[in-house]
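Contents: one structure, followed by commentary.
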Amino acid sequence: MATRKSPQHSAAEWIPPRPTLNSLREAAADCKACDLWKLGTQTVFGEGRRRSIVMFIGEQPGNEEDLTGKPFVGPAGKLFDDALETVGIDRSQTYVTNVVKHFKWEPRGKRRIHKKPNAQEISACRPWLEAEIALVKPQVIVALGATAAQTLLGPKFRVTQQRGQFIESTLAPYVMATVHPSSILRAPDDESRRLEHRRFIDDLKKLAKVIE
Ligand code: SF4
């Protein structure tokens, strides 16, 4: 007997008519378009001002984001905030969000360890991100990490080779990718962490230059 594939859902079914950022956030709280709602504590929607000039897009919320309901607040969020301050960008003037709005994890002892979202989950969640981009209309989009970069710029995009470059895209006048701040924290030793941190700041400086 042929096995039946479960139907693929999309968050598009949850998008309200004539959405605003607030109505999107409220609707996303009830989203069940993929199974990740069963794993996460809550939906972690994007945060920031409508009409922010810059939108940062990461992969998915982490442990602390899942618990607080806010994007980029854990250790990687702290590194991100400090880096923005270093290059003179005020985070309150930006919009930060993720490709996937629920925390995907697996248990390791008592800890919840990040697990990469799969293509089906990314595709199911994409309408939320598209709606955020359509409402905020940022001048600059910065993808943080490979998952966000490949979701926005295609599966062939390589952050290792193309980071810090502005890429032609219909998404915004300026689109760039760099590493996710959590990858800097995972660097194997102090020296590589310092080096990665410096490269991250260099990428953000290019961004600061186009918005000054
Ligand atoms: S990860 Fe996205 S698509 Fe899946 S349930 Fe959460 S909000 Fe909906």
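Values as computed for the structure displayed
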read-out	value
Choice from Arg112, Arg163, Arg199 showing the highest fluctuation, given a GNM over the chain with Cα pairs closer than 10 Å	Arg112
Neighbour cut-off at most 14 other Cβ (10 Å), DSSP loop, GluC sites (Glu not before Pro), the range 148-211	Glu168
Relative contact order of the range 69-212, pairs being alpha-carbon contacts under 8 Å that are 6 or more residues apart, as %	23 percent
Rg/Rh ratio calculated on Cα atoms of the range 1-122 (Kirkwood radius)	1.02
Count of lysine pairs in the range 65-205 with Cα separation under 14 Å (8 or more residues apart, or interchain)	6
Normalised contact order of the range 1-97, rounded percent, pairs of Cα under 8 Å and 6 or more residues apart	27 percent
Where labels lie 7 Å past Cα in the beta-carbon direction, separation of Ser92 and Ala29 in nm	2.4 nm
Shape category assigned to the range 75-132 from the gyration tensor of Cα positions, a/c cut at 1.5	oblate
Estimated [θ] at 222 nm from DSSP helical runs (n ≥ 4, -39500 (n - 2.57)) normalised by residues in the chain, nearest 500	-11500 deg cm²/dmol
Largest-first ellipsoid semi-axes for the range 88-185, taking √(5λ) over the Cα gyration tensor eigenvalues, angstrom	23, 16, 15
Dimensions (Å) - the chain, Cα atoms, principal axes, largest first	54, 44, 33
The chain - charge dipole about Cα centre, Lys and Arg +1 at Cβ, Asp and Glu -1, debye rounded to 20	420 debye
Choice from Leu39, Leu21, Leu152 with maximal GNM fluctuation in the chain (Cα, 10 Å cutoff)	Leu39
Relative contact order (percent, whole number), the range 35-143, Cα cutoff 8 Å, 6+ residue spacing	39 percent
Backbone N within the range 168-199 under 12 Å of label point (7 Å from Glu64 Cα along the Cβ vector)	182
Linear extension gain, Arg51 paired with Arg18, 0.36 nm per residue minus alpha-carbon span	10.2 nm
For Thr94, distant residues with modelled amide H under 5 Å away	Arg49
Three-way shape label, the range 111-158, alpha-carbon gyration tensor, a/c 1.5	prolate
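Bear in mind these aren't lab numbers, they're just calculated from the coordinates by the rules spelled out. Since the model is a prediction, treat every value here as computed from it, not as a measurement. Every residue, glycine as well, gets a Cβ built from its backbone with ideal geometry; the counts of neighbours run over all protein chains shown.
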